[in-house]
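The next block holds one structure in the form of structure tokens; read it before the comments.
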Amino acid sequence: MILTTKQVNNYKKDGAIVIKDIFKPWINILRKGFEAVLNDPGPHARENIDINENGRFFEDYCNWNRIEEFKKFAKQSPAAQIVAEATNSKSIQVF
């Protein structure tokens, strides 16, 4: 079990919890995956750029199975276990 009983109860009560540093080992892997998506966007990609060029919003979804780093994160990181414990779910849908 990754989450404490208190964290699960807080999730049930508040709908969110903070778990510090759990994904630190995954940062560089995910960064590489994000670069891959930016360099080769999928069919759902969309980019919005501020007219004054003060910001950028890029979105692309359904890439977890297409981008190797995202697939690795989905299957090997503690993310799925955390979601399962917090929600008491046996399955999730990944976008």
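Worth pointing out:
- Under 19 Å of direct C-alpha separation, and excluding same-chain neighbours fewer than eight residues apart, residue 24 reaches these aspartates and glutamates: 35, 68, 69.
- The lysines within cross-link reach of residue 90, meaning a Cα-to-Cα straight distance under 25 Å and a gap of 8 or more places when in the same chain, are 6, 12, 13, 20, 71, 72, 75.
- Calculated FRET value between residue 91 and residue 56, using beta carbons and R₀ = 30 Å, to 0.05: 0.30
- Between residue 27 and residue 48, the FRET efficiency estimated from the beta carbon spacing at R0 = 35 angstrom works out to 0.90.
- Rough spin-label spacing in nm, given labels placed 7 Å along Cα→Cβ, for residue 72 and residue 8: 3.1
- Solvent exposure of the chain as accessible area per residue, Å², 1.4 Å probe: 78
The values are calculated or read from the model by the stated rules, or taken from the named source; none is laboratory data. Since the model is a prediction, treat every value here as computed from it, not as a measurement. In this analysis, Cβ positions are derived from the backbone assuming ideal geometry, glycine residues included, and neighbour counts consider all displayed protein chains. Protein only, heavy atoms only, side chains kept; ligands, DNA and RNA dropped before computing areas. Shrake-Rupley method; radii C 1.70, N 1.55, O 1.52, S 1.80 Å.
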